[in-house]
Structure formats: C-alpha cells, structure tokens
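What follows is a single structure, written as structure tokens, with notes after it.
The values are calculated or read from the model by the stated rules, or taken from the named source; none is laboratory data. None of these values were measured; they are calculated from a predicted model. Every residue, glycine as well, gets a Cβ built from its backbone with ideal geometry; the counts of neighbours run over all protein chains shown. We work out accessible area using only protein heavy atoms, side chains counted, and drop any ligands, DNA or RNA first. Shrake-Rupley method; radii C 1.70, N 1.55, O 1.52, S 1.80 Å.
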Amino acid sequence: MITTAQENYIEHHAYVPEHIPEYVTPISQTEPHLFGDFLVYAKKGHLILVGYPLNEPFEEKRLVRALEDAVKCLKPESVSLIAPVIPPSLQNGLHSPTDHYYRLDLSTISISQKLRNMLRRAGRELSVGKNSHFDQEHKKIVEEFLKSHSADEATRFIFQRIDTYVSSSKTASIFEARAGDGNLVAFDVAEFKPRDYAVYMFNFRSETRYIPGASDLLLSAVIKQAIAEGKKYMNLGLGINPGVAFFKEKWGGVPFLPHAFCLYHPPRKGLLEMLLQRR
C-alpha cells in the first residue's frame, strides 16, 4: 500500500491515466505500491507496472530495477507492463504494438473557425451538463459501442467497469450531451486528480442518435473546467486509430509519450542476473 505522503507525491507528479490509483485500483481490484519512482498495482498472482516514472527521466535500467524489486517483493506469476519502451529482454523476440499519448497545452489552446462553427451548431441542438452517477443510460451507450466496434479483451474489461471507477472516485466527472427531449446523446468521463493535468478518460456517443459535434461540445466543457481548476495540460489519451487521433489533433493535441505493452512471466532466475548473462 502507499502512504499519505506517497499519495500526495503521486498526485503532484501524475501525467498519465495509470498514475491515478482512484482509476486503476477499483477496476483491476489491485493495491497500489511505489517501487523507486514507478507505480505498481498488485493482486494475488499478478501485478501491473506503470513504466512511466513520476518525477525522474525515463531510463530502461531504472525500469528493470523497479520490475526486479516488485517481482522479488510481490512474487507475481505474471506482469502487465506499460512503458515508453519495452526492454528487449522482455519482448521474447516479439515487437509489442505501440501508440502515443496525446497532450493538449491549455495555455496555448487555439480553436479554428471551423471548429467554432461546429460547436455553435451542436450547441443549438444539445445541452451539456454534469453527472456524478453512472447509470443505465450510460451503460446502454457503452454496450452499444461494444456491440458495434471491435475491442480487445482488456478494453472490454475496462469499459464494463467504468461505473465501478466513477462511483469510487471523488475527482472524476461525467459530462453529458443531451438533446432537447432529454435523451442522452454522448458523454465523457474526465479525471481531475493530478495537480497539473486533467485527463480525458472516456468518450462515448449514441450509435442510434448521432448529432455532429457532440463529442467536440463535451471536450470543450472538459477543457473549460480544467482551465478553471488551474490545470496546465490535458492528457487526451492514446491515439488508438486514425479517426480518434484526428479528433485529438484538431483540438491541438500532439503526441508526447510513446506507449507500449507486454505481458511478462517472471523467470525463477532474477531478472538482473538474466540480463547480465545476456551481455
């Protein structure tokens, strides 16, 4: 477990969604730990290592050391590792898929005239509000998305537990776009726990009632709250696919961190010893 001092340290330096224990722990049913400058979430037989150091430059040696220490202490059978780079020794000859986190600098945000027009049109049809409860309306839209889109098992696991996260977090907000008849058209979940960052966690829109600009209108509301709370940046999440990346880029989001993943099964022999033998 982490101490109060460590919790404050994490809050001051968090910059990716996985740096937010209030998000990861209720979904994965894990406990957070700090190993060096890296966050680790652990449960019996498995741990998640977030390979983005909180307040130090990224170095593979530091990542390997944190992994070695976490494995030695927690003795997992498997490790999910996300990091800017997966050390070659952990790839087993396979290159893991890569993506990028996108970041929006809130001090230099500039909205194009085309985007302003889109917001005005959407604003004539929709009203934006906030909700602290994830209810059946939200679940229905998520279920519609999962039925009409291909998503890997890990993504489905997370999406099906958004309600668990939102209900347990005091710093997450649901932003809703509703039509004139009151029906929910789209919603965002945003997180405001980190000191310097707001985090654009999830965006879903109705598959049966599409209104152009709904997602833009919601993101505009999230940005306004982030600025009001004195955040410096917004982590817009991963690019995922060209369409999602385009949406983030048109708002001024730029790739700022590579993202890679691997599932690692620790050998009985110590990792550092194994690496030294390979040199």
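Results, tabulated for the structure shown:
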quantity: Farthest positive-ward along the chain dipole, Cα basis, beta-carbon charges - from THR3, PRO266, VAL222; calculated: VAL222
quantity: Cross-link partners of LYS139 among lysines (Cα-Cα below 19 Å; sequence separation of 8 or more within a chain); calculated: LYS130, LYS147
quantity: Of SER168, SER89, SER78, the one that fluctuates the most in a GNM where the chain has Cα springs shorter than 10 Å; calculated: SER89
quantity: Net +/- balance of residues flanking ILE240 in space, Cβ distance below 13 Å, scoring K and R +1, D and E -1; calculated: -2
quantity: Spatially close lysines, pair count over segment 1-125: Cα under 28 Å, gap of eight or more or interchain; calculated: 8
quantity: Cα shape, segment 207-252, gyration tensor, a/c 1.5 rule; calculated: oblate
quantity: Segment 150-279: translational diffusion in µm²/s, Stokes-Einstein, Kirkwood Rh over Cα pairs, 37 °C, 0.692 mPa s; calculated: 189
quantity: 1.4 Å probe accessible area per residue over segment 1-145, in Å²; calculated: 53
quantity: Zone residues, segment 211-247, relative to PHE256, backbone N less than 18 Å from point 7 Å out along Cα-to-Cβ; calculated: 219-220, 222-240, 245-247
quantity: Square roots of five times the Cα gyration tensor eigenvalues for segment 64-159, Å; calculated: 39, 22, 15
quantity: Peptides 35-46, 153-164, 203-214 ordered by average Cβ neighbours within 10 Å, highest first; calculated: 35-46, 203-214, 153-164
quantity: Accessible-area order (highest first, 1.4 angstrom probe) of the listed residues ARG178, ARG62, ARG124, ARG116; calculated: ARG124, ARG116, ARG62, ARG178
quantity: Local electrostatic count at PRO194 - Lys and Arg +1, Asp and Glu -1, tallied over other residues with Cβ under 14 Å; calculated: -1
quantity: Vicinal HN-Hα couplings computed from phi for segment 136-142 (Karplus, 6.51 cos²θ - 1.76 cosθ + 1.60; Hz; Gly/Pro x); calculated: 5, 4, 5, 4, 4, 5, 5
quantity: Partners for LYS231 among aspartates and glutamates (Cα-Cα distance below 20 Å; same-chain residues under 8 apart left out); calculated: GLU7, GLU11, GLU18, GLU22, ASP105, ASP188, GLU191, ASP196, ASP216, GLU249
quantity: Three-way shape call for segment 15-101 based on the alpha-carbon gyration tensor, with the a/c threshold at 1.5; calculated: rounded
quantity: Under the Karplus curve 6.51 cos²θ - 1.76 cosθ + 1.60, θ = phi - 60°, whole-Hz ³J(HN,Hα) for segment 36-46, x wherever Gly or Pro sits; calculated: x, 9, 10, 7, 10, 10, 10, 9, 4, x, 8
